[in-house]
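Below is one structure, written out as structure tokens; comments come after it.
The values are calculated or read from the model by the stated rules, or taken from the named source; none is laboratory data. Values in this document were obtained by computation on a predicted structure and should not be read as measured data. Here the Cβ positions follow ideal geometry from the backbone for every residue, glycine too, while neighbour counts run over all protein chains shown. Heavy atoms of the whole protein, side chains included, go into the accessibility calculation; ligands, DNA and RNA do not. Shrake-Rupley method; radii C 1.70, N 1.55, O 1.52, S 1.80 Å.
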Amino acid sequence: MKPPAFKYLAPTTVDEAVAYLAEYGYDAKPLAGGQSLIPTMNFRLAQPAVLVDLNRVQELSYIRPAEDGGVLIGAMTRHVQVERSDLVAQRLPLLHETVPFIAHPQIRNRGTYGGSISHADPAAELPAITVAHRGRVQLRSTRGSRWVPAEEFFLGLFTTALEPDEMVVEIALPALPPRTGWAFDEFSRRHGDFALVGVAAAVTLSAQGRVDEVRLVFMGVGDRPMTSAAAPAVLVGQEPSDEALEEAAQRAAQEDIDPFGDVHASAAFRRHLASVLAKRVLTRAVERAQAR
Amino acid sequence: MAGRYFGQPIRRNEDPALLTGQALFTDDVHLPGMVHVAFLRSDYAHARIRSIDVSRALERPGVIGVYTAEDLGDYWQPGPLLVPPPPVEDIIFHQRTQVPLAKGKVRHVGEPVVMVVAESRYIAEDALEDIFVDYEPLPPVVDIEKALEPDAPLVHEDLGTNLAARVVQRKGDYEAAKAKADVVISRRFYYDHGLAAAMENRGIVAHWDPKMQYMTIWDTTQAPVVIRNGLARMLGLSESQVRVIAPFIGGAFGPKIMMFYPEEVLIPWLSLKLKRPVKWIEDRRENFFATTHERYQVHYAEIALTRDGRILGVKDRFYHDTGAYDPYGLTVPINSQCTLLGPYDIPAYHSEMNVVFTNKTIVTPYRGAGRQHGVFVMERLLDIAAKELGIDRTEIRRRNFIPPDKFPYNNEVIYQDFVPLVYDSGNYEPALELAKKLIDYDRFLKEEQPRLRAEGKHVGLGIVAYVEGTGIGPYEGARVQVETTGKVNVATGVGTQGQSHFTSFAQIVAEQLDVDVRNIRVVTGDTAEFHWGTGTFASRGAVVAGNAIHAAAKKVREKVLQKASEEFGVPPEELELRNGYVYTQDGRSISLADLAVKANPLRGAVKPGTEPGLEATMYFGPERGATASGVHAMIVEVDPELMDVKIRKYVVVHDCGKVINPLVVEGQIHGGVAQGVGNSFYEEIVYNEDGQLLTASFMDYLLPTAMEVPPIEVGHVETPSPWNELGTKGAGEAGAIPTAAAFVQAVEDALADYDLEILEAPLSPNRLFELLKEAKQKKEG
Ligand SMILES: Cc1cc2nc3c(=O)[nH]c(=O)nc-3n(C[C@H](O)[C@H](O)[C@H](O)COP(=O)(O)OP(=O)(O)OC[C@H]3O[C@@H](n4cnc5c(N)ncnc54)[C@H](O)[C@@H]3O)c2cc1C
């Protein structure tokens, strides 16, 4: 479990980092917290010839208020910083609720927001939350910078819209609309494991208490974060009754996900879990929306 | 009961070094000029090797050598049969032991095929990618029952069958017993025990010093003496030229008593050849394939009872997966066969064991060593019987316990030590009563459970009993010496892998010599210090080595008193040993250190026949093992939507005879229970139909963490073993043995409204989902 030899570069600015990426292209990989990349290198599943270590690029580590009421997060911000940020707790309660589900404290001390979404593990929390929040991802290369909506950033299993010479520099997460409740829940085999299934919900109610908008995003049951189309179809314009939420959860788990089976859970069990968890988070999100 | 030292909760001597990172583990050995080995291992479960091309690897800078089976010449030999088959009539046993490097054919994924030695492990691993092996894949043998079908592919073609062994053992006349029975219950059981996953993987450093003509080997083995003797013989050296050190070891749990692993044979050979120190440290990925497993058995078991729940007889036919080779003989399945009988008075028993070769990693004992399987079958049979007869599950057990006046109790079946399994002593009912009290059995069932059920919670209780044969022979030895420094030296041949030997062995000596435990230096597992003994296995350290140490310490005590008697002119009976001094009744005293100086005079004459020093070497070989016992109980809560199970409470009542150090025993139990919890709900070795191991990392092989292991309450019952002077029984494996049986019973109880009958372990959320679905379908009809 030793990686093959590689070249190691340690830029201190984004400009320097993207210059290296432009120079080495496909052969290079940015190194963020290393919590996913280093194990894959030790298993020799990834064999990058060049590592561009972002850990000295200080300008990428921050959590800032955005003018639209949301939050801007630098790519090298550690999970633990997000977890403990008051700004995140106030403005992005859904994210705040979710971060403790990521792995263990030791891993949250190292792992980064940018690393997690670039890695694009379909069972990871941050990709799903970024989608649930209708977040946007800012990519940089020597060619310039561009913003990609989260829904378009995640393309498939471990696959994103990143070009080989590009890197993630910032994530913009808008605040949830008023009268919106949120909830996140997941089921994992052990405390801190990647979840078998996770679900994030954000439900906006009208002044009359009917459902105005629903975001229901699944993780672990497809090749990327899966946004439910059925849940809004069932719920928007309706009273959020228990039966309606049940129907939304059931239909979402039938229509909107594409679970796979492995040693931990069959596809059928994942689908079952998705419906149970979807019902639970929808219920809690509605309760929170009603309390606001 | 307890002495000044023996029986006291004394803090561990070894902890300061371990906790400050000062303890030497095999990977800490760094020697000038040391080279590193990596192995190319088979990716196939079963394949013929057409050819191997290592030429590109040899060209890689930093590579020193590349070896295949052909390059080993006469040194290439199948390993020895470590445990011969037991003397049972009409036994079938086919010996097929592992080889250093695969020749002609590979028989399991991870079997070593090529050895690369290089200036660093990195380079060695790079070179593995340069090697090309041309394999012709063969159909693999994976399922143990299908393996015995006539057209099954063969793991060892020359045998003409995959049956490695068949052993039938009998006690009484089962068919006659059955004819008298009011109820007969038969079921098929599946029990899978995982792999040890010790924190430290295996490792070996061999250093042949050509000028000294001396080989030093650091090996993560549980049996350094046996390794030394075997290697000396294989390498053509004198035993006195080989020193094997088993340093601190980060857990072993059984697989490190297996020998000789291919790497153990090859690394010293390579050092001799290259005249350089050679290191191989198993990485975690290798550990999953190359260190032995325990795995699964299938039992077809039947129990015959009277209406009032008395067992008349038990019949069992079972299949055991031994993997590609069987160097450890039949220890695991024999343990299953014998331990199934448990603490119960069973007049008739008929058990047929079938051991099957498969294209999988070798199976050898892992903590519990097959006992889990037997206990699970028996306890489940009793649970089902209790339900069917309308008898409380603890009552049916109580009624069948061997009564205290029936000991020694002969089970009339041959155990792993080749003699009939006779229980030395036991007192099972008090343990059951104590466990019921600690888990609050009656109140839970009468008040707590109904109340929680009314709240919609699914809570259940599990309670099971078991025995554990421990402390078997043949023998161990020890040398105890009072030094002129006043410190006491203890050396024994067994290795240590976390059992607290440095403390509990010191306590045994302290009890005799009355010296501070911290002034007693215990050396285990270094053949230069003590070269007789067999090893640490079968929960035998405290019994066998412990009693040898006790005997040697007593002898030294006699010598101390004798010497002091000569000094003071006072009879030994009138002397007292206290805090490192010998006192006379009139207040004179001498330290042990000064006595040791006097016992080793440098000038003058001594009486003929005088032995120098205050030292003694003694051996202990029990005729039979000592049988420990206990009861585990737990309360679980099941979420029948998420299929999650949380253990809310866990109680162990344990009887390991005389306790040397209660902290140590409780630590052993806690660790065992943690592994039992893993075996109940988290850990599972999964092979697919191609013989590929699907759970080959800690992402997929789920060890329970501190978050999954509940707090454990331990109660002690002490029934000393009459067959050794200390009265000790082993405590090493007990924590791990009955956990899954209790867990499954508790889950069934929690899901009582679903009418589940669970006949397998481990469970998992996914498996519970399937079982509940089946139960619902059955109910609906
Ligand atoms: C035991 C364990 C348990 C875990 N459990 C969970 C869990 O439950 N949930 C979960 O979500 N995660 C889990 N993780 C993963 C963890 O959260 C990782 O930190 C995260 O997925 C990757 O972040 P990183 O900063 O470590 O990235 P790295 O490992 O450094 O990099 C990951 C990938 O992203 C690329 N990359 C990194 N930064 C950038 C960037 N700015 N721009 C472009 N590409 C970039 C790298 O080149 C690499 O390909 C676990 C990890 C471990 C070891």
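Taking Rh as the Kirkwood radius computed over C-alpha pairs, what is the Stokes-Einstein D of segment A:180-291 at 20 °C in a medium of viscosity 1.002 mPa s, expressed in µm² per second?
It comes out at roughly 157 µm²/s.
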*asked:* Checking buried surface per residue: for segment B:122-159, which residues lose a minimum of 10 Å² accessible area in the protein assembly relative to the chain alone (1.4 Å probe)?
replied: B:122, B:125, B:126, B:129
*Hey, how many Å between the Cα centroid of segment B:295-321 and the Cα centroid of segment A:1-80?*
59 Å
*Hey, can you find the accessible area per residue of segment A:180-291 for me, probe 1.4 Å, expressed in square angstrom?*
35 Å²
*What figure in square angstrom, to the nearest 10, would you give for the accessible area of residue A:147 with a 1.4 Å probe?*
100 Å²
_Quick test of the membrane-span-like rule: which DSSP H helices of chain B reach at least 24 Å along their long axis (C-alpha atoms) with mean Kyte hydropathy at least 0.0?_
B:371-389
_Dimensions in Å of segment A:1-124 - Rg and Dmax from alpha carbons_ = 15.4, 47
*Radius, Kirkwood style, for segment B:228-347 when every pair of distinct Cα atoms is counted (Å)*: 18.4 Å
*State the Cα centre-to-centre distance between segment B:168-228 and segment B:399-439 in whole Å.*
23 Å
*Report the local net charge at residue B:554: Lys and Arg +1, Asp and Glu -1, summed over other residues whose C-beta lies under 11 Å from its C-beta.*
0
*For segment B:393-498, what is the relative contact order in percent, using Cα pairs closer than 8 Å and at least 6 residues apart in sequence?*
17 percent
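Quote the FRET efficiency, to the nearest 0.05, computed for residue A:53 versus residue A:238 with a Förster distance R0 of 56 Å and r equal to the Cβ-Cβ distance.
It comes out at approximately 0.65.
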*How far apart, in nm, are two points set 7 Å out from the Cα along the Cα-to-Cβ line at residue A:291 and at residue B:190?*
4.4 nm
_Length released on extending from residue B:19 to residue B:433, taking residue separation times 0.36 nm less the Cα-Cα span_ = 145.2 nm
*In segment B:560-637, which trypsin sites (Lys or Arg not before Pro) are in a loop and have at most 16 other Cβ atoms within 10 Å, using DSSP for the loop call?*
B:588, B:603
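What's the extension gain from residue B:399 to residue B:158 if we count 0.36 nm per residue and subtract their Cα-Cα distance? The partial results should precede the final answer.
Working: separation 241, 0.36 × 241 = 86.76 nm, distance 5.02 nm.
Length gained, residue B:399 through residue B:158: 81.7 nm.
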*Give the relative contact order (percent, whole number) for chain A; include only Cα pairs under 8 Å separated by 6+ residues.*
16 percent
*Rounded Å value of the spacing that divides the Cα centres of segment B:611-629 and segment B:684-735*: 28 Å
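Kirkwood Rh over alpha-carbon pairs of segment B:696-781, then Stokes-Einstein at 4 °C and 1.567 mPa s: what D in µm² s⁻¹, rounded to an integer?
The estimated diffusion coefficient comes to 78 µm²/s.
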*Cβ-Cβ FRET estimate between residue B:214 and residue B:122, R0 fixed at 30 Å, reported to 0.05*: 0.50
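Tell me, what is the Rg over Rh of chain B, with Rh the Kirkwood radius over Cα pairs?
Looking at chain B, the ratio lands at 0.99.
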_Sort B:766-775, B:120-129 by the packing proxy (mean of other Cβ within 10 Å over each peptide's residues), most packed first._
B:120-129, B:766-775
*asked:* Give me the one-decimal Kirkwood hydrodynamic radius in Å for segment A:7-53, with the sum taken over alpha-carbon pairs.
replied: 10.8 Å
*asked:* Let me check against my output: what whole-number percent is the relative contact order of chain B, with C-alpha pairs under 8 Å and at least 6 apart?
replied: 16 percent
*GluC sites (Glu not before Pro), restricted to segment B:405-461: which are DSSP loop and have at most 13 other Cβ atoms within 10 Å?*
B:455
*Gyration tensor (alpha-carbon) shape descriptor, segment B:155-300, a/c threshold 1.5*: prolate
_List the aspartates and glutamates whose Cα sits under 17 Å from the Cα of residue B:598, skipping any in the same chain fewer than 8 residues away._
B:483, B:558, B:566, B:567, B:611, B:615
*What fraction, in whole percent, of alpha-carbon pairs in chain A exceed 27 Å separation?*
40 percent
_Size of the protein assembly as shown as Cα extents on the principal axes (Å, biggest first)_ = 103, 76, 72
_Nearest 500 deg cm²/dmol is fine: what mean residue ellipticity at 222 nm does chain B get from its DSSP H runs of n ≥ 4 alone, each adding -39,500 (n - 2.57), divided by its residue count?_
-7500 deg cm²/dmol
*In nm, spacing of pseudo-spin labels at residue B:705 and residue A:89 (7 Å Cα→C-beta vector)*: 2.3 nm
*Report in % the part of the accessible area of segment A:7-53 that belongs to carbon and sulfur, leaving out ligands and nucleic acids; probe 1.4 Å.*
54 percent
*When N is the residue count of segment B:6-56, what does its C-alpha Rg come to as a fraction of 2.2 N^0.38 Å?*
2.26
_Chain pair A, B: total accessible area buried, heavy atoms, 1.4 Å probe, Å²_ = 2600 Å²
*Sticking with the crude label model, points 7 Å out along Cα→Cβ, report the distance from residue A:151 to residue B:457 in nm, one decimal please.*
4.3 nm
*Relative to the isolated chain, which residues of segment B:694-717 have their accessible area cut by 50 Å² or more in the presence of all protein chains (1.4 Å probe, heavy atoms, no ligands or nucleic acids)?*
B:702
*R0 = 25 Å: FRET efficiency of residue A:163 with residue A:45, Cβ-based, nearest 0.05?*
0.70
_So if each residue of separation counts as 0.36 nm, and I subtract the Cα-Cα distance between residue B:48 and residue B:76, what length gain in nm does that give?_
8.3 nm
*Over chain B, give the accessible area per residue in Å² for a 1.4 Å probe, as an integer.*
37 Å²
*Among DSSP beta bridges lying fully in segment A:28-118, give the percent that are antiparallel, nearest 5.*
50 percent
*Give the carbon-plus-sulfur fraction of the accessible surface of chain B in %, rounded to a whole number; probe 1.4 Å, heavy atoms of protein chains only.*
51 percent
*Over the Cα atoms of segment A:101-252, how large are the radius of gyration and the largest Cα-Cα distance (Dmax), in Å?*
16.5, 53
*asked:* Let me test this: with uniform point scatterers at the alpha carbons of segment A:58-173, what is the Debye-based log₁₀ I(q)/I(0) at q = 0.12, 0.24 1/Å?
replied: -0.37, -1.58
